[in-house]
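The values are calculated or read from the model by the stated rules, or taken from the named source; none is laboratory data. The structure presented is a predicted model; accordingly, all values stated were derived computationally and were not measured. Neighbour counts run over all protein chains shown; Cβ positions are idealised from the backbone, glycine included.
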Amino acid sequence: MIQCIAIDDEPLALQLIKQYCQKIPFLNLQKVFTNPDEAMSYLLENTIDLLFLDIQMPDITGIQFYKSLSKKPLVIFTTAYKDFAIEGFNVDAIDYLLKPFEYDRFLKATYKAKEYIEFLSSQELQLNSIYIKVNYEMMKINLKDIDLIEALDDYIKIYIKPIPVLTLMTLKAMLDKLPPKEFIRVHRSYIVPLQKVEKFNKNKLTVAGKDVPIGGSYTDVYDLLISTTK
């Protein structure tokens, strides 16, 4: 079941989305909002897979709203203005619905979201280990064994037991190999596994007994960690 909410300043548009969602068995429309601030508060407290989001709203555009989210669900933009389509796709929207849209067009957009969510789930199930180059050999590392990843000039240090390993690699390249729902970059020099964070505040966290600073450029980390404790 795909958990979703809808945000639109027009109540009639939200009513139409409600009616369409009720016809689609794999959608659970949790709530609808005309006020983006209320929607933002809800998103901080709840886990959502898909967001139906109007682009033209009085105080903030849907694009601005989506970019401000620290934890971004999939998004389908809705608007009466086709000129916004390119900007919508620039933030990786699943689809763009031009008002007034019919049920079959809405259904097609939601199937795109369903297929993408199923693809991500299958990838996550398959990805439980990675290979990295260590001392001219490819070494298999189980993701559950990683306690911390640290950048050291041109190398990165992967903390696994009993002995950490070094590999010639950038931290960004390493992050691209890891499942984004399990690992997060918290500093220009550190990646941590979310499930192994022992304690945290806005300035630092502790993982595997080691204190790790939260960098000033990673202001969304604290909110994300808060959301994992709910």
Residue check, S121 surrounded by fewer than 11 Cβ atoms within 10 Å (Cβ to Cβ) and assigned to a helix (DSSP H, G or I):
yes
If I go through region 138-165 residue by residue, how many of them are charged (D, E, K, R), assigned to a strand (DSSP E or B) and within 25 Å of the chain's Cα centre (by Cα)?
1
Determine, yes or no, whether K67 is part of a helix (DSSP H, G or I), assigned by TED's automatic domain parsing to the domain that holds Y103, closer than 24 Å to P180 by Cα and basic (K, R).
yes
Any residue that is within 27 Å of L120 (Cα to Cα) and either in a loop (DSSP other than H, G, I, E, B) or over 23 Å from the mean Cα position of the chain (by Cα) (or both) - is there at least one of those in region 166-173?
yes
Quick one: L50 ticks every box in (1) of a type in the set (A, V, I, L, M); (2) surrounded by 22 or more Cβ atoms within 10 Å (Cβ to Cβ); (3) within 19 Å of P100 (Cα to Cα) except a single one, so which number is it?
(3)
Selection within region 169-225 - among the polar types (S, T, N, Q) and either surrounded by 13 or more Cβ atoms within 10 Å (Cβ to Cβ) or in the same structural domain as Y42 (by TED's automatic domain parsing) (or both):
S189, T206
Residue that is nearest to I94 (Cα to Cα) [pool: residues in region 6-63 that are touching a strand residue (DSSP E or B) at 6+ places or on another chain (Cβ under 6 Å) and assigned to a loop (DSSP other than H, G, I, E, B)]:
D49
Is there a residue being among the small types (G, A, S), modelled with pLDDT of 85 or more and outside the structural domain of E198 (by TED's automatic domain parsing) anywhere in region 101-119?
yes
